[in-house]
Amino acid sequence: MCGIFAYLGPRNDAGRVVIDGLKRLEYRGYDSWGIALQTGEDRLWLKKEVGKISAVENLELPNAQIAIGHSRWATHGGVTQKNAHPHLNEKGTLAVVHNGIIENFQELRKELKKKHKFRSETDSEIITHLLEDFLEAGKSLEEAARLASFRLQGRFAFVVISNSERKLVAARRGSPLIIGVGEGEYFLASDIPAFLPYTRHVNYLDDDQMVVISMDKLIPDALFLTLEDASPISKRSIEIDWDAKGAEKGDYPHFMLKEIMEQKETICRAANQDDALIHEVVDLIKKSKGTFLLGCGTAGKVALTGSYLFSRIAKEHINAVFGSEFPAQAHFINDKTLIIAISQSGETADTMEALELAQAKGAKIVSIVNVEGSSMDRMSDITINIKAGPEKAVASTKATTAQIAVLTLLAYAMVGRLNEAKQLLVDAASQITEMLNPRYDGYIETLAVKLKDFESMYVIGRGLNYPMALEAAIKLQEVSYIHAEGFAGGELKHGPIALITQGTPLIALVSKDESEPEILSNAIEVKARGGYVVGVSPENNDIFDYWIKVPDVGNAAPILSIIPIQILAYKLAVLRGNDPDMPRNLAKSVTVK
Ligand code: G6P
C-alpha cells in the first residue's frame, strides 16, 4: 500500500535520504513513486516515475534539507507518471503526498475544477488545490492543512511542503503516520522500518491530529496540534526495540526466506509473555458475553485457528470473523462483548473499522499485534505484542505462527494451564530448529520442481489443521500465483472433488489426533481419482506420493503444519521467476477498504 517518507533537518541530501527511505518501504507494495524537494528555487524540484525505485540508482539530486516522497499503490486512476505523488499546484510552490482514500472526492473535484486545472485522476490532488485556496486567502501552511482536512471525508494521512516555508506539515485521520525523532532532525513515515537506520525514537500521530515540523529556530522542532481547533498536544517520544538489522535481508536472498527461518526464535519470543497480561485477557474473555476474534487475510485464518484452539483446549465458544465481514455481524455487539483483533501491522483498515464500530457500541478491545504503538495498539484496552520483529515480506510467515502461539497461550490459560502451553511452544520451537536444515529445504525444493507447472492445487485439513489448509492456499496463491484452494477434508466430497483429475496435486495436512483416520480417508478418495497426494504429517503413509515429515507436537500442530507450506510457496515463487517479497497486486499493510 502507499508509503510516505519525509525529511527535515541539517543534512543537505534530503532527496537521497527520502529515496532510501522509500526503498525501505518497498515491501508495502507499490507501482510508482515520486519525490519533491525544497531547493530555494521558486518551484519545488519534482521527480515522479512509474516502476521500481531501485531502477534510479544514479539519479542526480539537488541539495535540499526538506523533502517529501511517496510510493503509490494505485486506487483512483491508473498507474501513470501523472498519477504518482507528490501532487504540485500549477505554480509548483506546493507539494502534497497522501495515503488513504478521500471518499467525497467526486464532489470536491467538481467544485475545485471550476478554478483549478487537475493534472491527475487521483483523489489526492484535491488536497493540493484546497491548500492553495486557503493559502491564497492568507492562511499559514499549517492552518491551510487543518482547514483542508475539514473538507475531506474518509481516511487520510498527508504531508505538505511549500517552496517558501522551512516546514513539513502533516495531518492524519485513519492512515498511519509516524514521526522519527533524530538528533536535530525529523523523519515522517508510514512505517517504522523506513527510518530505523537513523533513529529508534518515535512519536505517533493519532487520528485528528497534525504535526508542524519547522526549521525556524536553530534546532528543528515538532509541534503537535489537534485538527479540531489547533490546540497544542504534548507528546513524549518512545524508544522502540526494533533495530535496523532486524529490518534488513542480511545474507538471505529474500525477506520471506529470512522470516521463515526466524521462526525458531520468534515462536519462543511470542510464548514468553508476561503471565499477568495473559491472565488479564483471560479474565476479560471469561467476563464477556460473546468474544470475537477478528482479522483479515492471513490474520483472519489465525483468528479461525484461535476459535478451534479455544474450543479444543478451553471448551469455550469464540467467534472468528474477517474484519470486512464484521459490520454484518455487529448487530449483537454491546458493552459486554469482547473483540480480540489479530493484526501484524495493527493498521489494516477493515480490522480498524470493525474495532471502531465495536468500540462505539461499548465493546472492550484486546489486540494481538506486532507493532508497538500501532493504531490498534493505541485504541485497545489491552495489547499483547507478539514480538516477531519487523516482518517485511508481503506474505506473512513469522507473524502468523507467533500469533498462533499467543492464542495457544490464551486458550490454555483459560483452564489454568498456561505453563503447559509455554512448554509446548518452546518444545515446538526446538523441533522447528531441527527441522529447518538444508536437507529439509532441498527435499521441499524437489517437490516444488515437480509442482511448479501445475495450474491448480488443493489443500485439505481437519480440526486444527482446517484453518491451516486455508492459510496454506493463501500462501501458495500469494507468491507462486498458482491457483490454490483450501478445504475442510470432509467438504471435499461435496463439490471440490469434481476438480480432481489425473495428477492434480492435493496437499493433506495430517496430525496425530482424532482427525487422522478421516483426513487420510479424504486423501484416499482423491488418490482413487488420480490425484497426486502430498502428505504433511508426522508419519508416512502408503497413500502419500510425496511425504513431508513434520514433528508431532500435539496442539501446536497448526504451527508445524504451515511451516513446510511456507517453504514450498517460497520455492515455487522463486522457481517460477516471481518476487516472493513483493507479489503482484498485493500490499503488506492494507490501509484502504
Ligand atoms: C495483507 C497482507 C497479509 C496480511 C493481511 C492482514 O493482505 O499481505 O499478509 O495477513 O494484510 O494484515 P495485518 O497487518 O492486519 O495482519
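The values are calculated or read from the model by the stated rules, or taken from the named source; none is laboratory data. Please read all numbers here as calculations on a predicted model, not as lab measurements. Here Cβ is always computed from backbone atoms with ideal geometry, including for glycine, and neighbour counts include all displayed protein chains. Ligands, DNA and RNA are stripped out before the accessible areas are found, and what is left, the full protein with its side chains, is counted by its heavy atoms. Shrake-Rupley method; radii C 1.70, N 1.55, O 1.52, S 1.80 Å.
Overview of values
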read-out	value
Residue ID - nearest to ALA587 (Cα to Cα), chosen from residues in region 48-96 that are in a strand (DSSP E or B) and β-branched (Val, Ile, Thr)	VAL50
Within region 373-387, tally of residues that are over 15 Å from the mean Cα position of the chain (by Cα) and closer than 28 Å to CYS268 by Cβ	6
Among the candidates MET468, MET457, residue that is crowded, with 21+ Cβ neighbours inside 10 Å and either closer than 18 Å to VAL550 by Cα or basic (Lys, Arg) (or both)	MET468
Filter result (assigned to a loop (DSSP other than H, G, I, E, B) and under 26 Å from GLU347 (Cα atoms)) within region 1-24	MET1, CYS2
Matching strands (runs of 3 or more DSSP E) fully within region 137-204 where at least 3 residues are farther than 16 Å from TRP242 by Cα	154-162, 167-173, 186-189
Output for region 468-505, where each listed residue is in contact (Cβ under 8 Å) with a residue 12 or more places away in the chain and among the charged types (D, E, K, R)	GLU471, LYS475, GLU478, GLU485, LYS493
Of all residues making up region 25-47, the number that are within 16 Å of the ligand (Cβ to nearest atom), outside any loop (DSSP other than H, G, I, E, B) and surrounded by 22 or more Cβ atoms within 10 Å (Cβ to Cβ)	2
Qualifying residue in region 369-377 (condition: modelled with pLDDT of 95 or more, open to solvent by 40 Å² or more (accessible area, probe 1.4 Å) and not in a helix (DSSP H, G or I))	no
Unique residue being open to solvent by 20 Å² or more (accessible area, probe 1.4 Å) and out of contact with any strand residue (DSSP E or B) (no Cβ under 9 Å at 6 or more places or on another chain) when the list is LYS287, LYS315	LYS315
Contacts under 6 angstrom Cβ, first residue in region 377-402 being within 16 Å of ILE238 (Cβ to Cβ), partner part of a loop (DSSP other than H, G, I, E, B) and within 10 Å of the ligand (Cβ to nearest atom), 6 or more apart	ASP377/GLY346
Tabulated pairs, region 213-242, first farther than 17 Å from VAL181 by Cα and in the same structural domain as LEU177 (by TED's automatic domain parsing), second among the hydroxyl-bearing types (Ser, Thr, Tyr) and open to solvent by less than 30 Å² (accessible area, probe 1.4 Å), C-beta under 9 angstrom, 6+ apart or interchain	LEU227/SER149
Residue count for region 39-73, restricted to those that are in contact (Cβ under 8 Å) with a residue 24 or more places away in the chain, among the hydrophobic types (A, V, I, L, M, F, W, C) and more than 18 Å from THR128 (Cβ to Cβ)	7
Single condition GLN431 does not satisfy, out of (1) assigned to a helix (DSSP H, G or I); (2) under 16 Å from the mean Cα position of the chain (by Cα); (3) surrounded by fewer than 23 Cβ atoms within 10 Å (Cβ to Cβ)	(2)
Residues within region 556-593 that are in a helix (DSSP H, G or I) and open to solvent by less than 30 Å² (accessible area, probe 1.4 Å), tallied	18
Pick from region 359-372, criterion more than 12 Å from the chain's Cα centre (by Cα) and in contact (Cβ under 8 Å) with a residue 60 or more places away in the chain, ranking: farthest from LYS287 (Cα to Cα)	GLU372
Some residue of region 265-276 being surrounded by fewer than 21 Cβ atoms within 10 Å (Cβ to Cβ) and among the hydrophobic types (A, V, I, L, M, F, W, C)	yes
Residue match in region 395-404 (condition: open to solvent by 60 Å² or more (accessible area, probe 1.4 Å) and touching a helix residue (DSSP H, G or I) at 6+ places or on another chain (Cβ under 7 Å))	no
Among (1) within 15 Å of the ligand (Cβ to nearest atom); (2) over 25 Å from LEU464 (Cβ atoms); (3) aliphatic (A, V, I, L, M) - the single one ALA363 does not satisfy	(1)
